[in-house]
1. Could you tell me how many of the residues in the stretch 54-77 are assigned to a loop (DSSP other than H, G, I, E, B) and free of Cβ contacts under 8 Å to residues at least 60 places away in the same chain?
2. If I go through the stretch 144-166 residue by residue, how many of them are in contact with a Pro (Cβ under 6 Å, 6 or more places away or on another chain) and within 13 Å of Leu201 (Cβ to Cβ)?
3. I'm told Glu81 meets every condition in (1) out of contact with any helix residue (DSSP H, G or I) (no Cβ under 6 Å at 6 or more places or on another chain); (2) touching a residue at least 40 places away in the same chain (Cβ under 8 Å); (3) not hydroxyl-bearing (Ser, Thr, Tyr) except one. Can you identify the failing condition by its number?
4. For the structure I just gave you, tell me whether Ala15 is more than 23 Å from Pro211 (Cβ to Cβ) and among the small types (Gly, Ala, Ser).
5. So is Asp90 in the same structural domain as Pro249 (by TED's automatic domain parsing) and in contact with a Ser or Thr (Cβ under 9 Å, 6 or more places away or on another chain) or not?
6. Could you tell me whether any residue of the stretch 76-99 is among the small types (Gly, Ala, Ser) and closer than 30 Å to Gly229 by Cα?
7. Across the stretch 250-261, what is the total count of residues that are modelled with pLDDT under 80, under 18 Å from Glu111 (Cβ atoms) and not small (Gly, Ala, Ser)?
8. Please find, within the stretch 19-33, the residue that is surrounded by the fewest Cβ atoms within 10 Å (Cβ to Cβ) out of those that are under 17 Å from Ala56 (Cβ atoms) and modelled with pLDDT of 90 or more.
Amino acid sequence: MLSVARLRLSESLTAAAGLASGQVLLRKAPQGRNHVYNIAFNRPEVRNAITLEMMADLMRATKYISELPQSECRAIVLSGEGKSFCAGRDLKASRSFTPDQANEYLLAMKEGVKAILGLPMPVVAAVHGHAMGGGLEFTLACDLRVASPGTILRLPETALGLIPGVGGCVLLPLILPLATAMDMIYTSRPVPGSEASNLGLVNRLTESNSPEEVFNVSLELASTIAANGPLGVRAAKRTIRKRLDEEFPTWLEAASAERAPLTFTKTIERHWIGSLRRRSTSTLQGDVIHPRRLRLVQHLRV
């Protein structure tokens, strides 16, 4: 199998695509894996927690790829550098958000998810370590998912008095049976990759928990897709996803409307404080928090 180290020595398009922050990498796979590109979240020191800068560069990367000739890029691997795919919200960056900044952040994440969904070629998510909250929602925007047995996938929002606001409530029920999707969302429980494979959420399960193996299997799957006729593959994707492409923006706005009044409530404050104490006995309510009391609440990684 091709090693991740070798891929890192392949052609880098990060500068050509104008990705200024360094928080997203864009690379073309080496010869032998022609027509496969890699978009990688690159904040390994914080498990690739999401920032506004990361989302801006993700938009640039997807735009660059979308404008390539149809025969050039035939499949994409979406991955995360380091020990995790993506742990969700950036705690440090969101700590001092005002309500307006929090809304801007959520909008940027929504646009990032839509950008992945809008790519005309198949996207394979290489999921290792953790895929939490918004991180998991990015994998749901991909066409296929590869994970290790020990990968943890979770939508923690309902445990915090929220809902998955950037696609989870819409995309997960399209991938899994409705009752199974509701189980994951309502209980907010962590799902290991081995179980996710049995459920049908993960398409390929690796033998080990090695991030390199997860990436290699993802690259192999993408290469298999890229070896097929690009026009036929793109036409198949358009046909399969026609209804989703037409209706997803409306569904996403409905989810955002449901989430907005939940974002700044005492429920979240109590449950976050409870999680710090590793215990929460509060009763869910809907009392609004004063904006000045948001600093602690916005440590949430969702």
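The values are calculated or read from the model by the stated rules, or taken from the named source; none is laboratory data. Owing to the predicted nature of the structure, the values given are computational and were not obtained by experimental measurement. Here the Cβ positions follow ideal geometry from the backbone for every residue, glycine too, while neighbour counts run over all protein chains shown.
1. Within the stretch 54-77, the first condition is being assigned to a loop (DSSP other than H, G, I, E, B), and the residues that meet it are 67-74.
If we keep only those that are free of Cβ contacts under 8 Å to residues at least 60 places away in the same chain too, we end up with 67-69, 72-73.
The total comes to 5.
2. Going residue by residue through the stretch 144-166, those that are in contact with a Pro (Cβ under 6 Å, 6 or more places away or on another chain) are 152, 154-155, 157.
Then keep just the ones that are within 13 Å of Leu201 (Cβ to Cβ); that gives 152, 154-155.
Of the residues in that region, 3 qualify.
3. In the conditions (1) out of contact with any helix residue (DSSP H, G or I) (no Cβ under 6 Å at 6 or more places or on another chain); (2) touching a residue at least 40 places away in the same chain (Cβ under 8 Å); (3) not hydroxyl-bearing (Ser, Thr, Tyr), Glu81 misses (1) alone.
4. Working: more than 23 Å from Pro211 (Cβ to Cβ): yes; among the small types (Gly, Ala, Ser): yes.
The answer is yes for Ala15.
5. Details: in the same structural domain as Pro249 (by TED's automatic domain parsing): yes; in contact with a Ser or Thr (Cβ under 9 Å, 6 or more places away or on another chain): yes.
Answer is yes for this residue.
6. yes
7. Of the residues in that region, 3 qualify.
8. Taking the stretch 19-33 as the starting set, the residues that turn out to be under 17 Å from Ala56 (Cβ atoms) are 19-26.
From what is left, the residues that are modelled with pLDDT of 90 or more are 19, 21-26.
Working: Leu19: 25, Ser21: 17, Gly22: 12, Gln23: 23, Val24: 27, Leu25: 20, Leu26: 25.
Out of the qualifying residues, it is Gly22.
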